[in-house]
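First up is the structure itself, then whatever we jot down about it.
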Amino acid sequence: MKRSHLSLRAAALCLTSMVFGPPALAAELKLPADGWSSWGVDAVDDAPAWCCWNNGVNARKESWGTCKLDGSDVGFGSRDGETTDTVRIYARTVGGKVDRLRALSASCPVEAATPIHDLGAVAEDDSARWLIDLGKQADQGTVKRHRIGDNVLAALAVHRGNFARDALAGIARNDARKETRKQAVFWLAQVRGAEGAEITSSVMFNDKDPDVREHAAFALGQSQSPRVAADLIRLGNTDKVGDVRAQAWFWLAHTGAPEAENAISAALGKDSDDDVRERAIFALSRLPDDRGTKALIAAAEDRSLSREQRKRAVFWLSQSESAAAQAYLDRVLTADY
């Protein structure tokens, strides 16, 4: 099976009471002063079965291994198609303060240096409130931000229920730090299905920072939203920033949507930014199968395009291993002009 590596290096949270409301129920989770605690929560539909894989020299390819909770977070992700309906949250406390957090599939084997205190099943909203409160502590410096904030967003993403969804949406739309907003839209698009993709799309069109809009285009392009192509086409045609428009065409090509060729080719003729037009030609080369070759040949033969644009299409054809691309280049090189 193909393995997808989901990075859990999300930026630390800035969770304001205006966005989330009072975290009154967070205190209901009673963790011991020292050691690992764990609890199970219902997962969002089609939640990825996060676990750890073996990557040593003697490990079999695609071999899952035991997650060593006290070790590095490296080697943490899921295989495509593997889902879970329950996740477990693991938190380690030292002197009454949480210094490590992990969210894993309930079926993922784990190993810790000390016994793990099992809190049993916890209501997803109560668990989400606890996570939000922990994120606040990370922002305030009362826990180690670089070790906690990185995993809070990912843990929230897999929690079933409107509370966790709305918390992520609030971060994506309102957090003061763009890196945190970017990570929130990533998890919304990756984990929370159609409703998460819809929130991501809203951020993609409305965030004030072009970097966030670009990242949202990437996140949406990785989602299963039925409207991903239409939204990326709209972004490519309407965003005021050239880099954002160019990224919309790039990720549209990667979706392989049937309408991608026509939309990207149309941009070649109407976008006023030379850089966007050049990057749109590159986007054509990213179309799947032989579609990229056909689209680039059409661009190279289109006399309405500038000479530089046509040359750029020929350049990307020359980088292709497609037999059709090589045959076309042979004809061009041997033509009598």
In region 309-327, which residues are of a type in the set (Gly, Ala, Ser) and part of a helix (DSSP H, G or I)? Ala313, Ser318, Ala323, Ala324, Ala325, Ala327
So how many residues does region 79-99 have that are farther than 18 Å from Val122 by Cβ and either within 22 Å of the chain's Cα centre (by Cα) or not acidic (Asp, Glu) (or both)? 9
Residue pairs qualifying under the 8 Å Cβ cut-off, at least six apart or on distinct chains, with the first in region 230-257 being under 15 Å from Ser201 (Cα atoms) and the second being among the hydroxyl-bearing types (Ser, Thr, Tyr) and surrounded by fewer than 21 Cβ atoms within 10 Å (Cβ to Cβ), are Leu232/Thr255
Tell me whether region 290-313 contains one or more residues that are modelled with pLDDT of 95 or more, within 24 Å of Met204 (Cβ to Cβ) and either crowded, with 22+ Cβ neighbours inside 10 Å or not aromatic (Phe, Trp, Tyr) (or both). no
Which is at pLDDT 95 or above, aliphatic (A, V, I, L, M) and surrounded by fewer than 24 Cβ atoms within 10 Å (Cβ to Cβ), of Ala169, Ala176, Ala194? Ala169
Please find, among Arg279, Arg312, Arg303, the residue that is farther than 27 Å from Ala217 by Cα and not aromatic (Phe, Trp, Tyr). Arg303
Residue identified as of a type in the set (Asp, Glu), within 20 Å of Val44 (Cβ to Cβ) and in contact with a helix residue (DSSP H, G or I) (Cβ under 9 Å, 6 or more places away or on another chain) among Glu214, Glu195: Glu195
I need the full set of residues from region 231-241 which are assigned to a helix (DSSP H, G or I) and surrounded by fewer than 15 Cβ atoms within 10 Å (Cβ to Cβ), in order please. Thr238
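The values are calculated or read from the model by the stated rules, or taken from the named source; none is laboratory data. Remember, predicted model here, so these are calculated numbers, not experimental data. FYI the Cβ positions are ideal-geometry reconstructions off the backbone, even for glycines, and counts take in every protein chain you see.
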